[in-house]
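The values are calculated or read from the model by the stated rules, or taken from the named source; none is laboratory data. Everything numeric here is computed off the predicted structure, so don't read it as measured data. So basically every Cβ, Gly included, is an ideal-geometry build from the backbone, and we count neighbours across all protein chains shown. Heavy atoms of the whole protein, side chains included, go into the accessibility calculation; ligands, DNA and RNA do not. Shrake-Rupley method; radii C 1.70, N 1.55, O 1.52, S 1.80 Å.
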Amino acid sequence: MRHFAIVGSGPAGFYTAEALAKAYGDQARIDILDRYPVPYGLIRFGVAPDHQSLKAVSKRYDKVTDEPGVDFIGNVTIGGDVSVEELLALYDGVILAIGAPHDRKLGIPGEDLPGVVGSAEFVGWYNGHPDFADLDPPLDGTHAAVIGNGNVALDCARILSKTQREFEGSDIVGHALQALESSAIRTVTILGRRGPHQIAMTPKELGELGHLEESSPVVEAADFPPVEADDALEPGHRKSINILREFAATPPDASKPKRLVFDFFAKPVRVEGDGKVERIVVERTELDENGAARGTGERYEIKASLVISAIGYSTPQMDGVPYDERGGKFQNKGGLIADRLYAVGWARRGPTGTIGTNRPDGYEVAEQVAAAMPAGSGNDREGATGLKRLLAERGVMATDYDDWRKIEETEVGRARPGSPREKFVRVEEWLSALGR
Ligand code: NAP
């Protein structure tokens, strides 16, 4: 019998568990660990609450834990309660699937002013992540800026622009819904340091901005290259550019009071304000011969009392695990970090790709694991038995999948009308739902 520990219960963790379960059948026990008492990682805390169809993938993950050899062990911090080294002593293989939950820094003056938040913080706030439940982002000004031209920037800008009615059917947490209801923000500027052709936004997500109840997109036609240049684009990307071109060709809807302004070729230089953010200074850019942003020296200010930087994420470091500073992920070769230690998902490749990208990624790493540790072989490692003993000795109140089902039932039971659930946002609340 082989014992595997997968650290992290987001998409990468679950797809790897699924792949290992298939590869080993009843020849392995697979434990999916998470620092929170509840599973799903990015699906619960990252995917936008108004994108419930994406969140529904968790139903598939439930099926993985239905497999006899697969278990969930929650409320356990690896690198805190238990070290990676200890896990390696207990398990045949350890697979780090911890994602990339940290915001990359902008590296510009003023970015630590109150009112400047990272997208991981802001997204965590509206999605009920316990670390960010108290973020309380300033929504009392009329202008906000979102830095970055990826899908996370779109998520943040859209959430800031929606009406209460548009959140119906979502599981946005109560504290965020309430705060957004009294938000004074009327203009959200989305800042891209390069041009429309360089966006990392996908068509479906971009298209949503054209159908908001109270907000209208504003795009400058002059920012685009000649339309013939679109022919060279990959079809999906061309679709996104077409949507942007349509926005540029359509005057903003005068009946809508809010605006979503795309400001391209605008590189943040400095954040300014008296004790809190009031404006962001940007430099006009142009593309250099390699397609990178080159400053032109022309600077201007954008009013903003909330700045969200959505410029990508990084994986946190863990004791004893070699780290790739530049890539913001674990050093690895095709997933292998060191003997019996692997990385999958964003911790392996860096923070790009959709939820589905993690499936082939997880299968690929599982294949490597199976090749290095064939089914039918094995030794005397204790796996979950040893881990649970260690956790009990250390007073860690671990949760299992049945516990999660109970928490889920309680969250569903306290949902506001039309919403799938009202999430608990603190570890103590989850545990008290279990009577602990
Ligand atoms: P991303 O797609 O990598 O986009 C990051 C953006 O930040 C890029 O536009 C980048 O511009 C910009 N940027 C980076 N450093 C910057 C700086 N110093 N100053 C200004 N701009 C800077 O990352 P993401 O939006 O965080 O998304 C992560 C992954 O999750 C992506 O694969 C995304 O598609 C996926 N996702 C999918 C969905 C969905 O499918 N609904 C939702 C959310 C996220 P440059 O190109 O110039 O570097």
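General remarks:
- Kirkwood-Stokes translational diffusion coefficient of the chain, alpha-carbon pairs, 20 °C, 1.002 mPa s, µm²/s: 93 µm²/s
- Of V47, V369, V321, the residue with the greatest mean-square motion in the GNM of the chain, using alpha carbon springs below 10 Å, is V321.
- Rounded, prolate or oblate (a/c below 1.5 giving rounded, otherwise prolate when a/b exceeds b/c) for the range 121-162 by Cα gyration tensor: oblate
- Antiparallel DSSP beta bridges within the chain, as percent of all bridges there, nearest 5: 35 percent
- The HN-Hα couplings worked out from phi for the range 52-64 by the Karplus form 6.51 cos²θ - 1.76 cosθ + 1.60 (θ = phi - 60°) are 5, 5, 5, 5, 5, 4, 4, 4, 5, 5, 4, 5, 5 Hz, whole numbers, x standing for Gly and Pro.
- Partner lysines for K333 [C-alpha distance under 27 Å; skip if fewer than 8 residues away on the same chain]: K22, K105
- Integer Hz, Karplus 6.51/-1.76/1.60 couplings in order for the range 123-137, x for Gly and Pro: 4, x, 4, 7, 9, x, 6, x, 5, 10, 4, 9, 4, 6, x
- Note on the range 310-366 and the range 371-436: Cα centroid distance 23 Å, given to the nearest whole angstrom.
- From the C-alpha gyration tensor of the range 105-309, square roots of 5λ in Å: 27, 21, 15
- The range 105-309, dipole about Cα centre (Lys/Arg Cβ +1, Asp/Glu Cβ -1), debye to the nearest 20: 260 debye
- Charge sum, other residues only, whose C-beta stays under 11 Å from R44's C-beta, Lys/Arg counted +1 and Asp/Glu -1: -1
- Projecting the Cα atoms of G195, G273, A222 onto the charge dipole of the range 190-295 (Cβ charges, centred on the Cα centre) puts G273 farthest toward the positive pole.
- Candidates L260, L233, L135, ranked by Gaussian network fluctuation over the chain, Cα under 10 Å, top entry: L233
- Expressed as a whole percent, the accessible surface of the chain that belongs to carbon and sulfur atoms is 50, based on a 1.4 Å probe.
- Partners of K256 within straight-line reach, counting lysines whose Cα lies under 26 Å from its Cα and excluding those fewer than 8 residues away in the same chain: K162, K204, K239, K303.
- Over the chain, accessible surface divided per residue gives 43 Å², non-protein components excluded, 1.4 Å probe.
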